[in-house]
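The values are calculated or read from the model by the stated rules, or taken from the named source; none is laboratory data. Quantities reported herein were computed from a predicted structural model and do not represent experimental measurements. Quick reminder, even Gly has a Cβ in these numbers, built from the backbone with ideal geometry, and neighbours come from all protein chains shown. Each accessible area value is taken on the protein alone, full model and side chains, heavy atoms only, with ligands, DNA and RNA left out. Shrake-Rupley method; radii C 1.70, N 1.55, O 1.52, S 1.80 Å.
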Amino acid sequence: MPVVDIDPDELRELTGHEEKGDEDLKSDLFGLGLEFEGETEDGLLQFEFGPDRLDRLSVEGVARSLRYQYGDDRGVRVPDTNDADYTFVVDEDVPDERPYVTGAIIRGVDLDEAGLDSLIQLQEKLHATMGRKRAKGAIGIHDLTMIKGEVLSEDSGGNSITYTGIDPEGDTFVPLDSDREMTPAAVLEEHPTGETYADLIADYDRYPAIYDELGLFSFPPVINGRRTEVSTDSRELLVELTGTDQWTIDRMCNIICYALSARGATIEDVEIEYADRTLVRPDFEVDTKSVTHDRIETMLGVEFETAEVIDLFERSGLDAVVADDADASDEAADAETVYEVSIPPYRTDVLHPLDLVDDVGRAYGFDELEPRYPDIGTVGGRHERSRLEAATRNALTGLGFEDLLNFHMSSEDETYDRMNVEPGTDYLGGGDPVEITEPYSEDYTILRQWALPSLVMVLENNTHRAYPQDLAEVGLVAERDDDVNTRVRERRHVAGVLARHDATYEDAKARLQAICGDFDVDLETPPTEHPSFIDGRAASVVIDGDAVGVVGELHPSVLVEHDLELPVAAFEFDLSALASA
């Protein structure tokens, strides 16, 4: 979850509520879903929140949400923009892997030290989340006074900036945190920031580059040039974003523009001139979605009047009208009443009517919802699967394993490449992955297909801990299956690893035999092959005649990939195999 550092004095100033103490702010923000995580050494408050509300990655965005919650602001606000004076010309040499650009001109911004720190934090948090560590979108912010745009034509007073491709050993520039001219290739090899992000573009034939009349000043997605570095003296800025998806970088740009607008800046359009079309950015178009009155009341369990629902939408920073020109002043709303809700440009999270219901609920106050008994009386009890999971965990801890709970999401690199498994194979963990359509991080792009990679990652992160380390997990795995109505087949797997200087296949099998003995099921372990395990030291886990998993010693290449310097024996099997007892 993203954690944002907030200066409480800045927050009070931006909300206009100087009377609010720190504890009041913590309570108010908790009502918005931001949880207090502690304080920095500099006295900044740290808040954690769900990655859906990326507009709250800065103190300006948090202050905006509070002003709506307090009722000081209402409805959708779209900043006015001045006509474009700058044009991004997208050259045909731009790398095909990163063809999109967007941006805005910021004028009259007042950047004190706190404002500059907030802008830098917002930039890096957007990189880490929506930008997928700069792979999908990267932001460059420049001092506009240090940029000299080429004149578009004799008849035009406008300026152009060129987004193009450059040879790795081509033009030189002085990157940030450096004092010498460097080629793009040299930046990737010798500059600390270049080394960090080299993998993003190392395979490109030509590297992305942005030029003005004076030459190269930005090397996205790696680093900006020192010539256009932003300081507290900067009053006019160029915001440029490049990436693999126009929608993503446009939304990232909107969030930055709104944050700077909150500090009194004026936003100026830029034109994006592609070979086949011209766009005007930033894209402040207001989206619209619909939700029925009945759905709001059913989900929240509260009876609302139409005017009250509209008021709650406006206090969420949205606008709402009743569809078909119905009278919004009616005290009672029909169950089929439909609200047309306007979504501001900085909201990237409103994808479904339930997101609108969530906004109404937060504006109303989830603490104000009254608990009530269901209409149908039932006797509660544990599900059989839950009983089985608990019993299996007890058996594992009794055998000396430490019980873990890992993320259900992972990446193809962790699931396949680092475990020597090819996707689409019949090996355990080799099925078709369930992909996340719009992941916010490249670390979590699929649902994991087996649990063993998660345990090995824990071992990798715990190399500084004492051995032996015996770890186990009972957890969810999933794979694509078109025979299931959801096209996703979910299972619960049992996995364990034994990391020690003398770990062997026999150690892992002995634990398996003990578990199967506890559940009175028959275990067989015929030899098998699996790319994650050593040949001749791996076996299939066959319980009551069904092949349900694998046991063995991890392959040395897997150990080296995870920086493990001692043997690891492991097993994994389907939990349901124990239910036959």
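For (1) touching a strand residue (DSSP E or B) at 6+ places or on another chain (Cβ under 7 Å); (2) within 15 Å of Cys257 (Cα to Cα); (3) of a type outside the set (Asp, Glu), each residue gets a yes or a no:
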{"position": "Tyr86", "(1), (2), (3)": "yes, no, yes"}
{"position": "Asp91", "(1), (2), (3)": "yes, no, no"}
{"position": "Leu116", "(1), (2), (3)": "no, yes, yes"}
{"position": "Leu126", "(1), (2), (3)": "yes, yes, yes"}
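In the stretch 91-103, the qualifying residues are those that are in contact with an Asp or Glu (Cβ under 8 Å, 6 or more places away or on another chain) and either surrounded by 20 or more Cβ atoms within 10 Å (Cβ to Cβ) or hydroxyl-bearing (Ser, Thr, Tyr) (or both), and the one that is farthest from Leu144 (Cα to Cα) is Tyr100. Among the criteria (1) touching a Gly at 6+ places or on another chain (Cβ under 6 Å); (2) within 19 Å of Phe401 (Cβ to Cβ), the one Arg537 does not fulfil is (2).
Answer with yes or no whether Val341 is open to solvent by 60 Å² or more (accessible area, probe 1.4 Å), within 26 Å of Phe284 (Cβ to Cβ) and in contact with an Asp or Glu (Cβ under 8 Å, 6 or more places away or on another chain). It is false that Val341 is open to solvent by 60 Å² or more (accessible area, probe 1.4 Å), within 26 Å of Phe284 (Cβ to Cβ) and in contact with an Asp or Glu (Cβ under 8 Å, 6 or more places away or on another chain).
Number of residues in the stretch 296-314 that are assigned to a loop (DSSP other than H, G, I, E, B) and modelled with pLDDT of 95 or more equals 0. Count of the stretch 438-468 residues, restricted to those that are open to solvent by 80 Å² or more (accessible area, probe 1.4 Å) and not in a loop (DSSP other than H, G, I, E, B), is 1.
Here is a yes/no grid of residues against (1) surrounded by fewer than 20 Cβ atoms within 10 Å (Cβ to Cβ); (2) under 25 Å from Gly16 (Cα atoms):
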position	(1), (2)
Arg74	yes, yes
Val78	yes, yes
Ala84	yes, no
Asp110	yes, yes
Leu122	no, yes
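Taken over the stretch 548-581, the residue count meeting the criterion of being polar (S, T, N, Q) and more than 32 Å from the chain's Cα centre (by Cα) is 2.
Quick one: count up the residues across the stretch 526-536 that are open to solvent by 30 Å² or more (accessible area, probe 1.4 Å) and either under 39 Å from the mean Cα position of the chain (by Cα) or among the hydroxyl-bearing types (Ser, Thr, Tyr) (or both). The number of residues fulfilling the criteria is 5.
Residue-by-condition table, conditions (1) polar (S, T, N, Q); (2) assigned to a loop (DSSP other than H, G, I, E, B); (3) surrounded by 15 or more Cβ atoms within 10 Å (Cβ to Cβ):
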position: Glu479; (1), (2), (3): no, no, yes
position: Asp482; (1), (2), (3): no, yes, no
position: Arg489; (1), (2), (3): no, no, yes
position: His493; (1), (2), (3): no, no, yes
position: Ala508; (1), (2), (3): no, no, yes
position: Arg511; (1), (2), (3): no, no, yes
position: Val521; (1), (2), (3): no, yes, yes
position: Ala539; (1), (2), (3): no, no, yes
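Just one of (1) of a type in the set (Gly, Ala, Ser); (2) modelled with pLDDT of 90 or more; (3) open to solvent by 60 Å² or more (accessible area, probe 1.4 Å) fails for Ser411. It is (3). In the stretch 144-243, counting only strands (runs of 3 or more DSSP E) that sit wholly within it, the ones holding 2 or more residues that are open to solvent by 10 Å² or more (accessible area, probe 1.4 Å) and touching a residue at least 60 places away in the same chain (Cβ under 8 Å) span 150-153, 156-166. Checking the stretch 76-98 against the condition returns no match, with no residue being on the phi > 0 side of the Ramachandran plot and touching a residue at least 60 places away in the same chain (Cβ under 8 Å).
I'd like the full set of residues that are part of a loop (DSSP other than H, G, I, E, B) and either surrounded by 12 or more Cβ atoms within 10 Å (Cβ to Cβ) or under 28 Å from the mean Cα position of the chain (by Cα) (or both), limited to the stretch 353-399. Correct list: Gly365, Leu369, Leu399. Only one of the numbered conditions (1) in contact with a strand residue (DSSP E or B) (Cβ under 7 Å, 6 or more places away or on another chain); (2) in contact (Cβ under 8 Å) with a residue 60 or more places away in the chain; (3) farther than 30 Å from Ile106 by Cα is violated by Val360, and that is (1). Among the residues of the stretch 29-57, those identified as buried (at least 19 other Cβ atoms within 10 Å of the Cβ), modelled with pLDDT of 90 or more and under 26 Å from Val360 (Cα atoms) are Leu29, Phe47, Leu54, Asp55, Arg56, Leu57.
Contact map, the stretch 390-407: residues that are at negative phi paired with residues that are open to solvent by 50 Å² or more (accessible area, probe 1.4 Å) and part of a strand (DSSP E or B), Cβ distance under 6 Å, separation 6+ or inter-chain. Pairs shown: Arg393/Asp403; Thr397/Asp403.
Inside the stretch 435-454, residues that are more than 16 Å from Arg134 (Cβ to Cβ), at pLDDT below 85 and acidic (Asp, Glu) make up a count of 1. Counting only residues that are of a type in the set (S, T, N, Q) and open to solvent by 40 Å² or more (accessible area, probe 1.4 Å), the stretch 256-282 holds 2 of them.
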